[in-house]
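Okay, structure first, notes after.
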Amino acid sequence: MTRRALVVLAAVSAVLVGSSFPAVRAQSAASDSPTYTRDVAPILYKNCTGCHRPGEIGPMPLLTYADVRPRVRAISTRVSAGTMPPWHADGAAGEFLNDRRLSEKDKATILKWVENGAPEGDAKDLPPAPKYTEGWSIGQPDAVVKMGEDYPIPATGTIAYQYFEVPTNFTEDRWVTAYEVRPGNRAVVHHVIVYAKTPPPAAPPQPQPRVDGQPGQPARPRPVPVLSMPEEQTKIPAGQTGGEPLPEDQRKPAGPNDRPAPRGLGNSIGGYVPGNGARLYQPGTAMRLQAGATLVFQMHYTSIGKPTTDRTSIGFIFSKEPPKTTLVGTALINGSLHIPAGAKDHRVDAEMTFNRDVTLWAMLPHTHVRGKRWSYEVVYPDGRTQTILSVPKYDFDWQTDYEFKQPLKLPKGTKLHAVAWYDNSPANKSNPDPTKEVWWGDQTFEEMMFTGLTFSVDPAPAPPAVAGAH
């Protein structure tokens, strides 16, 4: 080959190789760009479709590319702002098992995907869609207990709490490892608390003569309550649930559809608030549901401008054997709260003391629509303080039972202190009436300062060994 031919060949080769570089770069960029099938669908399946699927609380499904594509700008806005998935606790104050926040990597993937035009990608990259039990987020329940009637909700007016008793007919104790409360009509259900009312003993115990304090007879020790609160905190206004009855002349006449509270409710076994109606307890823990218990559904309904009905149910998953740790529930409240008219940042405090060694597993802050933020700290017997939960932007529509990643060991004498702030000003767009003072009350236009607690009582320490004992 002549020298001239070699020069021409080299030039042509250079042109061809050079012209291929943009194609290689474009191909590389395309492979790096996220696609729905390969990169985004797994994120949505893991974090979003539990709520965003037919029949669930999410306002639209996000199960397919066809579902997602028209909403990419809204998704980008919510992901960028951190408002979806909904999570309102400050990450600096603690770590939680049920933290819904996306990782920074997942957020960057979604935002880059939207920025690049939200391509669908290759169908073969799409992972299998998650499988859900229709109607249940906890999986198929072992037992479902449903209200015994389709309760009629009027079109207008304030509806007092209604109570529905449903026998379980369980012949032996059950250990609840998960529950889910399913409103029959989410539009009218404000909240649900399901209580387990235990049956009376078969034969009442016979009265015994009292001998405490008689000469030669030591007085029996009174059991120490697991926790205590200042008396003024526990005073609920008359006429509200948990308070004294109103005088006869102030009571509203019972209507034909009133379902009054039975005598004695028992312990709470499950509940529903906006955004939170299910709970899976940690392995080795469970709540006890006694044999023969009757479930009492406490229903708070709100009218929506047209008559309708509701028939709520609760599903349970049971452990096959008693758990290592028995969970119990209680509430920290301040029933004496009073919020002045127009107050923009009104503070209310509440405190309880644990009189036994306990383990705290979860906390659920609850106010109505004036609540704006929460903070909790524990004060240990040695004087140390620790902030265990901070909710700087409380959202009534997404209430969360915050489950500690590492359950908190609280020794006897520990105090739990809660602070809630309320916005009763015209600036609060959800405020029913900023011109009115507000006290504790059942209805949404009133207020509460309520924290649901899930805890367990630690075993008492073994007594010290006696020297010389065999």
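Return a yes/no flag: does segment 300-323 have any residue that is surrounded by fewer than 21 Cβ atoms within 10 Å (Cβ to Cβ) and in contact with a His (Cβ under 8 Å, 6 or more places away or on another chain). Yes, segment 300-323 contains a residue that is surrounded by fewer than 21 Cβ atoms within 10 Å (Cβ to Cβ) and in contact with a His (Cβ under 8 Å, 6 or more places away or on another chain).
Among the residues making up segment 396-410, those that are assigned to a loop (DSSP other than H, G, I, E, B) and either crowded, with 17+ Cβ neighbours inside 10 Å or touching a strand residue (DSSP E or B) at 6+ places or on another chain (Cβ under 9 Å) (or both) are 396, 398, 399, 400, 401. Screening residue 342 against (1) more than 22 Å from residue 393 (Cα to Cα); (2) part of a loop (DSSP other than H, G, I, E, B) leaves a single unmet condition, (1). Quick check: anything in segment 368-382 out of contact with any helix residue (DSSP H, G or I) (no Cβ under 8 Å at 6 or more places or on another chain) and free of Cβ contacts under 8 Å to residues at least 24 places away in the same chain? Within segment 368-382, one or more residues are out of contact with any helix residue (DSSP H, G or I) (no Cβ under 8 Å at 6 or more places or on another chain) and free of Cβ contacts under 8 Å to residues at least 24 places away in the same chain.
Considering (1) farther than 15 Å from residue 338 by Cα; (2) in contact with an Asp or Glu (Cβ under 9 Å, 6 or more places away or on another chain), the lone condition that residue 440 does not fulfil carries the number (1).
With a requirement of 2 or more residues that are within 30 Å of residue 336 (Cβ to Cβ) and either at pLDDT 95 or above or under 22 Å from the mean Cα position of the chain (by Cα) (or both), the strands (runs of 3 or more DSSP E) lying completely within segment 160-244 that satisfy it span 162-167, 189-197.
Cβ-Cβ distances below 9 Å connect the following pairs, each with a first residue in segment 99-110 that is without any contact (Cβ under 8 Å) to a residue 60 or more places away in the chain and part of a helix (DSSP H, G or I), a second residue that is surrounded by fewer than 15 Cβ atoms within 10 Å (Cβ to Cβ) and of a type outside the set (A, V, I, L, M, F, W, C), and a separation of six or more residues or different chains: 107/80; 107/82.
Residues that are touching a helix residue (DSSP H, G or I) at 6+ places or on another chain (Cβ under 6 Å) and over 27 Å from residue 165 (Cβ atoms) do not occur anywhere in segment 280-295.
Residue under question is residue 365, and the condition is that it be within 30 Å of residue 446 (Cβ to Cβ) and exposed (fewer than 15 other Cβ atoms within 10 Å of the Cβ); does it hold? The answer is no for residue 365.
The residues of segment 358-377 that are outside any loop (DSSP other than H, G, I, E, B), farther than 30 Å from residue 460 by Cα and among the charged types (D, E, K, R), listed by number, are 372, 373. For segment 397-445, a residue qualifies if it is modelled with pLDDT of 95 or more, in contact with a Pro (Cβ under 8 Å, 6 or more places away or on another chain) and polar (S, T, N, Q), and the qualifying residues are 414, 424, 425, 428. What do you reckon, is residue 387 touching a residue at least 60 places away in the same chain (Cβ under 8 Å) and over 30 Å from residue 170 (Cα atoms)? The answer is yes for residue 387. Which residues, taken from segment 291-321, are modelled with pLDDT of 95 or more, closer than 23 Å to residue 139 by Cα and not in a strand (DSSP E or B)? Hits for segment 291-321 are 311, 312, 319.
The values are calculated or read from the model by the stated rules, or taken from the named source; none is laboratory data. The structure presented is a predicted model; accordingly, all values stated were derived computationally and were not measured. Every residue, glycine as well, gets a Cβ built from its backbone with ideal geometry; the counts of neighbours run over all protein chains shown.
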